[in-house]
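The values are calculated or read from the model by the stated rules, or taken from the named source; none is laboratory data. Bear in mind the structure is a predicted one, so any value in this text is a computation, not a measurement. All Cβ positions, glycine included, derive from the backbone under ideal geometry; neighbour counts span all protein chains shown.
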Amino acid sequence: MIETIKNLLKLNKKEPEKDVYEKINDLFDSLGTDEISISVGEDLICFGKAVAERVGELRNKIKDKTGLIIPPVRVLDNLDFQENEYRIKIRNEEVYTGFTVPKEDYALNEISRCLEKVCMDNLDRVLTNEMVEKYIEVVQRNNGWLIWYLARLIPTTGIKVILVDLIKNGKSINDITYIFEKICEQATKSRDIYTIPDVYKIAEKIKLELK
């Protein structure tokens with residue numbers, strides 16, 4: 001009886017209402033969207049977990065090939081889709097709609113292939129400034145002075161342009177410290193007290209040096 005009364009008291013106990021500042025903070029926390037998402041229809045929902053695992057394999061494949069790290073990919077279901085339909089979004093914008101045979105191996109290969117193409121076709125959106133900062137952190141651990149000096153020559157947005165251009169043209173940025181050394185070298189050569197280094201010209205010169 002006592003336990004029943006305690007439980008009833010807990011149920012009737014109201015949580016303290018949040019003040020306006022807490023509510024505003026909650027709104028700030030809710031800002032943002034998935035960087036990449038794959039939504040699948042009812043016939044493909046059973047492959048959801050396998051799709052997520054295949055994304056991990058694809059991320060390793062792309063990293064080994066190009067040096068690009070694919071950001072987190074959310075796999076969602078949508079019962080309103082047509083039969084065998086799937087859609088890929090980047091930052092909540094639909095960039096690809098496809099249909100596949102509802103057989104696991106075929107569906108996984110098809111979705112994986114399309115995701116890779118979407119990422120390569122939208123490099124400037126997949127490789128965000130936040131991701132570039134992570135590359136900078138990696139290089140900084142190996143050569144702090146290089147990043148200190150480079151930050152005075154080219155902003156993060158400029159480094160992003162160079163990295164995207166290199167990958168688009170089939171050059172790997174896996175040896176990221178070496179890539180940053182080359183960026184710094186070319187930026188220093190083209191340095192001018194009146195102008196900011198032309199990042200596109202820097203990318204062109206680096207492409208000629210890379211195999």
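Could you tell me whether the range 176-183 includes any residue that is of a type in the set (S, T, N, Q), in contact (Cβ under 8 Å) with a residue 60 or more places away in the chain and under 20 Å from ASP64 (Cβ atoms)? Scanning the range 176-183 turns up no residue that is of a type in the set (S, T, N, Q), in contact (Cβ under 8 Å) with a residue 60 or more places away in the chain and under 20 Å from ASP64 (Cβ atoms).
The set of residues in the range 37-57 being within 15 Å of ILE88 (Cα to Cα) and touching a residue at least 24 places away in the same chain (Cβ under 8 Å) consists of SER37, ILE38, SER39, VAL40, GLY41, LEU44, ILE45, GLY48, VAL51, ARG54, VAL55. In the range 62-75, what residues are under 12 Å from LEU115 (Cα atoms) and assigned to a helix (DSSP H, G or I)? Result: ILE62, single match.
What are the residues in the range 115-148 that are of a type in the set (S, T, N, Q), surrounded by fewer than 17 Cβ atoms within 10 Å (Cβ to Cβ) and under 14 Å from ILE69 (Cα atoms), if any? Residues satisfying the conditions are THR128, ASN129.
To keep it simple, each residue is scored yes or no on (1) surrounded by 19 or more Cβ atoms within 10 Å (Cβ to Cβ); (2) within 13 Å of the chain's Cα centre (by Cα); (3) touching a residue at least 40 places away in the same chain (Cβ under 8 Å).
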residue: ASN60; (1), (2), (3): no, no, no
residue: LYS63; (1), (2), (3): no, yes, yes
residue: LEU79; (1), (2), (3): no, no, no
residue: ILE88; (1), (2), (3): yes, no, yes
residue: TYR96; (1), (2), (3): no, no, no
residue: PHE99; (1), (2), (3): no, no, no
residue: ASP105; (1), (2), (3): no, no, no
residue: ILE111; (1), (2), (3): yes, no, yes
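Table: residues versus (1) within 30 Å of ASP198 (Cβ to Cβ); (2) out of contact with any Gly (no Cβ under 7 Å at 6 or more places or on another chain).
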position: PRO72; (1), (2): no, yes
position: LEU76; (1), (2): no, yes
position: GLN82; (1), (2): no, no
position: TYR86; (1), (2): no, no
position: GLU94; (1), (2): no, yes
position: GLY98; (1), (2): no, yes
position: VAL118; (1), (2): yes, yes
position: VAL132; (1), (2): yes, yes
position: GLN140; (1), (2): yes, yes
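Results for (1) closer than 29 Å to LYS61 by Cβ; (2) at pLDDT below 95; (3) in contact with a strand residue (DSSP E or B) (Cβ under 6 Å, 6 or more places away or on another chain), shown as yes or no for each residue.
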residue: ARG141; (1), (2), (3): yes, yes, no
residue: LEU163; (1), (2), (3): yes, no, no
residue: GLU185; (1), (2), (3): no, yes, no
residue: SER190; (1), (2), (3): no, yes, no
residue: PRO197; (1), (2), (3): no, yes, no
residue: ILE202; (1), (2), (3): yes, yes, no
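Total residues in the range 79-114 satisfying the condition of being assigned to a helix (DSSP H, G or I), within 22 Å of GLY67 (Cβ to Cβ) and of a type outside the set (Ser, Thr, Tyr): the figure is 2. Against the list (1) surrounded by 15 or more Cβ atoms within 10 Å (Cβ to Cβ); (2) at pLDDT below 95; (3) touching a helix residue (DSSP H, G or I) at 6+ places or on another chain (Cβ under 6 Å), the condition GLU42 fails is (3).
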